[in-house]
Amino acid sequence: MSFSSGCDGAVEERPVLYELRDENEIRQRPCKRTRFDEPNDDIIEDLEDSYPLSENSLTEEDSQEVEEKQWGTLYIDAFMTALNTILQSESYLFDDNEHSIFEAFKNLEDDCKKLYVRLFLRRRNKWFRIDLLSYREILDLQGAWKGLVQSSIFALSLSSISDIGIEEILSLFSVDELKELATQLNYKGIRGVKKNEMIWALKNQSEGQTCLDLSQRGLSLLYDGKGRRRNRLHKLLNESKEILGPCVMLCDGPIRVFERAHLVFYRATDFNEKSLRKLILARISKRNFPEYMVLRSTEVFRNRQDLLDYENALEIQSQVDEILASGNIATKLLQLHDILEPVAEQWEKCLSSTQVRHNEERDHYLIRFTAAWHYTRMMYKLAAVLCRLGRHKEAHGIYTLLLGQRIYRRGKRGDWYQRKALIENLYMCEDKKDVKEVRRWKRKALATCEAGLQDPDTHMIYHYDLQKRIMRLERELRVLPKDKHVFFHLALKEPTRRTFYGNRISEVEIGRKTTWLNLEGEECSVEEMCLSNYKALGWKGYHTEGGILRTIFAYLFWDILFLPVPYVFETEFQIAPLDLSTEAFYLSRASEINRKLADIENNLAAKFALQIYDRESERKTECVGMDWKFDIQEVLEAAECIGGHALSSICKILCEEYGQRSSGMPDLFLWNPEQKKCLFSEVKSENDRLSDKQRLWIDVLVGAGVPVELCAGLEKKDQVKVNREQ
């Protein structure tokens, strides 16, 4: 693969393989004093046993009957809600075969449907032992699994599979069952080892031992139909199947069809096998979603092929993200390259004039539901991989192509300029001794940075690094002072500095946080240690990492978040509009947002917050950024101490770039209600440095008149050393 180089772009000093967040991702970091864990794979089963479904005064027998009836319809209702919704308005996205699967499912017996949906919500490509399944709403489990198997569409039976491997069969046994099986079949040396080792030992011994037959003529060797000696593997396979009893596995075809249906229903922008979970949790009142007008559109996917391309892009993206999240990326670079390289051809097709012209005419938000949007993300992942492999010219060509289009992922343009400039500065000149060639590429890098600053799609978060690179390049090129750029008006404002000394009780380890003692002698993090020192100085506060600001924003902009805007409320189970993390959020609600900001500036924040609290607090309605664990009086005190002008400035930033700016806020929020003062504090221990997002938030807060401190947490033994140096 080869990409032409030239034009304008950018890269940072050490090209990272992936970024933790894209601009379209909304990841809220909860208040440290409260933990909100996503439900695990067994959440539904856990909730069945812990959450009362009926508040009526019934006898124990009647209550159980009502509960079983409710659980019996819950899964089917959730499943069919998604299915019926997309068939009413978007049936054209599915072919005749898929429609026949939908009809076949509707015609199944109720118990078959219940069992299918239960297994659908569990792991894919897995055999399920019928003797280990127990669902109280399924009255005839035997009839249910037989019905699924007899349909010949939805499930397979283990007994009907002839080419299954012995490892797959034995994996269905527990460790104790494997030991019992080995004892029954007189296998030696199987006890007291791990399950995988037991499976290997059973298989190995079976393959190495010849099977004997006892007949009237005596003991003889067994042969198969081709005259070969038969080993004990065949016997082990048959014995294992008999002990296991009936087992079923859902067929892959219908699973793919139903996943496609749920992708369309939820307007998913990632690959998620647990799409029904939100709906089910909402139905059992574990999650209360806001009230808003669902305006389901039929313009998201033009045709079936667009949907298939989009689905394929999501699956490739899922593979890439799984590798990136697994750690130890250096050993998997070639694997990533092999996955990503074919994407380049698909992406270039998406940049054809026809595709681009069509997407230019669409609402900007809807472009996210195209394969090209996700291929674009994978292309700059590929560029990062190429950099790690030392293939910088090819990476430079990719960044050039990325910057040559203005349709897909415009919010990342600043990052592309940075990365492209870095490559031009350090890697594009082959002969480092050729001074003219070196200077030529440095001038190209300088032009790339200048283009980045002038680009209206370059987010402010990238300006600081582009400015730094420009100043460095101008020094290296010995640009005359009168021709140099001046960035004084854009220089980031600095926080004041403070140091707290404490007792650290654990050594610094890579990948782990250290443990300290607070003023009360309790073990805590360095942030909590500093917080206890602030409280000793008369401050109230929390270690929230922006949690209280996101909560205040949710209170103040609740009604704007849930305005009836086209394309952004496609289901009943959303905690935010789908466009919140895009520039479309502000542009489509500019007049309402600006009026709200003016009211906040006029100190009406408390009024708005109380209105939402009175309306939503009893249900604990979910909303992006909202943490109901914060006491409303503390929220009101915090808003008052921040002040109308500063609060308006903070909220405007979040309206414009929620996806980018909802992270990076200072660790600690402190306030003094008597003095009507507030303070943000970013805590750093030794060897820590501020990230770009943190520097920008400090600049925003200080510029709005809110004091910010950069707080160093050091050991008490260092205090003597510091005093001596002073």
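The values are calculated or read from the model by the stated rules, or taken from the named source; none is laboratory data. For clarity, every value in this text was computed on a predicted model and none was experimentally measured. All Cβ positions, even for glycine, are placed from backbone atoms using ideal geometry, and neighbour counts span all protein chains on display.
Okay, here's what the table says:
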item	result
Qualifying residue in segment 693-712 (condition: more than 23 Å from the chain's Cα centre (by Cα), farther than 27 Å from V624 by Cα, crowded, with 16+ Cβ neighbours inside 10 Å and at pLDDT below 90)	yes
Residues being closer than 15 Å to W697 by Cα and in a loop (DSSP other than H, G, I, E, B) - total across segment 662-682	6
Members of segment 238-250 found to be buried (at least 18 other Cβ atoms within 10 Å of the Cβ) and either without any contact (Cβ under 8 Å) to a residue 40 or more places away in the chain or over 30 Å from F105 (Cβ atoms) (or both), listed by number	S240
Candidate set from segment 572-602 (those that are crowded, with 19+ Cβ neighbours inside 10 Å and hydroxyl-bearing (S, T, Y)); member that is nearest to K286 (Cα to Cα)	S581
Meets criteria (under 29 Å from D699 (Cα atoms), assigned to a loop (DSSP other than H, G, I, E, B) and in contact (Cβ under 8 Å) with a residue 24 or more places away in the chain) for G502	no
Filtered residues of segment 85-109 (kept if part of a helix (DSSP H, G or I) and exposed (fewer than 14 other Cβ atoms within 10 Å of the Cβ))	Q88, S89, S91, Y92, D96, N97, H99, S100, E103, K106
Among (1) more than 30 Å from K716 (Cα to Cα); (2) not in a loop (DSSP other than H, G, I, E, B), the one test that P577 misses	(2)
T370 modelled with pLDDT under 90, polar (S, T, N, Q) and more than 24 Å from E583 (Cβ to Cβ)	no
Looking only at segment 471-495, and only at residues there that are at pLDDT 85 or above and in contact with a Leu (Cβ under 9 Å, 6 or more places away or on another chain), the one that is surrounded by the most Cβ atoms within 10 Å (Cβ to Cβ)	L473
Matching residues in segment 613-645 - criterion: being within 17 Å of Q675 (Cα to Cα), assigned to a helix (DSSP H, G or I) and more than 29 Å from the chain's Cα centre (by Cα)	Q633, E634, L636, E637, A638, A639, E640, C641, I642, G644
Condition broken by P456, with the remaining ones in (1) outside any helix (DSSP H, G or I); (2) of a type outside the set (D, E, K, R); (3) surrounded by 14 or more Cβ atoms within 10 Å (Cβ to Cβ) satisfied	(3)
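The rows are residues; the columns are (1) at pLDDT below 85; (2) in contact with an Asp or Glu (Cβ under 8 Å, 6 or more places away or on another chain); (3) crowded, with 18+ Cβ neighbours inside 10 Å.
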| residue | (1), (2), (3) |
| --- | --- |
| R498 | no, yes, no |
| E523 | no, no, no |
| V526 | no, no, yes |
| L531 | no, no, yes |
| K540 | no, yes, no |
| H543 | no, yes, yes |
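Residue-by-condition table, conditions (1) within 18 Å of A598 (Cα to Cα); (2) in contact with a Lys or Arg (Cβ under 7 Å, 6 or more places away or on another chain); (3) among the small types (G, A, S):
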site: E656; (1), (2), (3): yes, no, no
site: E674; (1), (2), (3): no, no, no
site: C678; (1), (2), (3): no, no, no
site: L696; (1), (2), (3): no, no, no
site: D699; (1), (2), (3): no, yes, no
site: A704; (1), (2), (3): yes, no, yes
